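What follows is a set of notes on a single structure, which appears directly below.
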Amino acid sequence: MSEARFPKRGTPWPELKAELIAMQGEDTPWTRGLFGLWWPNPSPEVFQVQKEAAALYAYASQLYAPWVPSLAKIEADVQAMVLELLRAPPGAACTLSSGGTESNFLAVMTARNWARVHRPEVAAPEMVMPYTAHPTLNKAAGYLGMKVVRVPVTADYRADVDAMAQAVGRNTVMIVGSAPPYSHGRIDPVAAIGELALRYGLWLHVDACVGGFLAPFFRRLGRTLPEFDLSVPGVTSISADLHKFGYTLLGASTFSLRDAALRAHQQFDFHEWPYGPYRSVTFAGSRPSGPIAAAWAVLRLLGEEGYLEIARSILRTTELFVEGVRRIDGLAVLFEPEMGVLNVVSDEVDVITVADELTARGWPTARFLEPPALHFLMDRVDNESVIHELLAELASVVGDVRAGRAKPAEGGVGYESGAARRGL
Ligand SMILES: *Cc1c(COP(=O)(O)O)cnc(C)c1O
């Protein structure tokens, strides 16, 4: 616990700022975490634009967009750009949310409410999803009183559509595909999952939090990828995070519906209080509009050309990194990376210890369990030398682990929020 006391007197900002900067000096520079634990790292120019655009709207709650016409316009512009990128049919709708968690929550909630109307015989609604789907879907299901059935994936780490079909039962109202799952980064066969959804009249949600703003540009560079967006028959809704490969300020994601009429199941509409109507399509009420303004600015700053350049850089980073890993004795990549997610495995050294030691040496690296692996998220880089530095450190750590000179760190693997870790 911190020793901080609520202050009697105020402290001038220059002093506080100096204190913050001094404390940050103890952290690993976040621009170095680009291969694992941090979200995509924008260029210094994009970072500056994020901050300036957000500051212009720091005063405004998104809840008040009806009274701030410029904010309503910004929101509508972002929604239109997103729906075009996700190849939405005419009549689709997009909601701007605070992050992938909220976007997935809106999907589960809207599907559940839709099922109450269209599948009234189902008293205990269930959703079927691949084992690799994101935990936020279980989190949402927990809040919303839905049961989740997770189904094993195929040997190449994609959704097993036959197994999903077998798991669909009388109470199933929703199925999920990921584009891609964060764990293995391989896009699920969404077209086949869409056929399943159409056959049984199920709500299909695609979690494209990672790939929504990257796959379209990989495809334009000639990569062949499974189809997953709103142009795929059977896809009802899709989540895509602006604050991941959209390179926008943290706090921005999107939830899109194939048909705006489905909004009826998403909207909270309340009248019985002294103020009269209270309507909302998101979980939060007052929420910052800074991330929306930042998203608007970054999408327009970069444009298709800017995102293509980023996509090219990620492909190049991935190629260099995979080549480098293959040159390190004892390490292998689990499979050819499809979307910048890369799992590095070994038959010879304990990769969890390798991840711990890399982290201790200032390269925060995610640890992965099934199978044990180092988990990297490839990103654009300002300078390729950072890849060679990381590879050199990785080779040195592998040598030390092999020689018994490194021990695994205390503590768990995976993700825990800071507060959860401190038991708050
Ligand atoms: C990151 C992620 C989420 C959750 O998003 P947050 O922005 O962390 O709330 C959901 N699904 C996938 C596939 C993700 O990678």
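Between Leu308 and Leu334, the contour length at 0.36 nm per residue exceeds the Cα-Cα span by 6.7 nm. Once both labels are positioned 7 Å from their Cα atoms along Cα-to-Cβ, the gap between Leu16 and Lys51 label points is 1.7 nm. Full extension of the chain between Leu250 and Tyr64 yields a length gain of 64.9 nm, computed as 0.36 nm times the residue separation minus the alpha carbon distance.
Ranked from the most accessible area to the least, with a 1.4 Å probe and all protein chains present, what is the order of Trp203, Trp13?
Values: Trp203 0, Trp13 150 Å².
The most accessible residue leads, giving Trp13, Trp203.
Residues whose amide H comes within less than 5 Å of that of Ile175, counting only those at least five positions distant or on another chain, are Val128, Trp203, Leu204, His205 (H built at 1.01 Å from N in the peptide plane).
Proximity of backbone amide H atoms, modeled 1.01 Å from N, is registered between Ala366 and Leu37, His375 at under 5 Å, excluding neighbours fewer than 5 places apart on the same chain. Here is what passes the span test in the chain: the DSSP H helices with alpha carbon length of 27 Å or more along the helix axis and a Kyte-Doolittle mean of 0.0 or above are 290-327.
Taking amide H atoms as placed 1.01 Å from N in the peptide plane, the amide H of Asp160 lies under 5 Å from those of Thr154, each 5 or more residues away in sequence or on another chain. Between Leu144 and Arg87, the distance separating the two model label sites (each 7 Å from Cα on the Cα→Cβ line) works out to 2.6 nm.
The listed residues Lys73, Lys8 rank as Lys8, Lys73 when sorted by accessible area, largest first, using a 1.4 Å probe. From the square roots a ≥ b ≥ c of the eigenvalues of the alpha-carbon gyration tensor of the range 50-299, which class results: rounded (a/c under 1.5), prolate (a/b over b/c), or oblate? Verdict is oblate for the range 50-299.
When the solvent-accessible area of the chain is split by element, carbon and sulfur atoms take up 56 percent of it, the probe being 1.4 Å.
Counting only protein heavy atoms and a 1.4 Å probe, the chain has 49 square angstrom of accessible area per residue.
Rounded to the nearest 0.05, the FRET efficiency derived from the C-beta distance between Asp162 and Ser385 at R0 = 45 Å is 0.45.
Shape call for the chain from the C-alpha gyration tensor, a ≥ b ≥ c root eigenvalues: rounded (a/c under 1.5), prolate (a/b greater than b/c) or oblate?
Values: a/c = 1.60, a/b = 1.18, b/c = 1.35.
Verdict is oblate for the chain.
Lysine pairs, Cα distance under 21 Å, 8 or more residues apart or cross-chain: how many in the chain? Please list the in-between numbers first.
Working: Lys8/Lys17; Lys17/Lys51; Lys51/Lys73; Lys51/Lys244; Lys139/Lys147; Lys139/Lys244.
The result is 6.
Normalise the Debye intensity by I(0) for the range 181-237, one equal point scatterer per Cα, no solvent, then take log10 at q = 0.22, 0.31 Å⁻¹ and round to two decimals. Taken in order of the listed q values, log10 I(q)/I(0) reads -0.85, -1.31.
The values are calculated or read from the model by the stated rules, or taken from the named source; none is laboratory data. Bear in mind the structure is a predicted one, so any value in this text is a computation, not a measurement. Neighbour counts run over all protein chains shown; Cβ positions are idealised from the backbone, glycine included. Note: areas computed on protein heavy atoms with side chains; ligands, DNA, RNA excluded. Shrake-Rupley method; radii C 1.70, N 1.55, O 1.52, S 1.80 Å.
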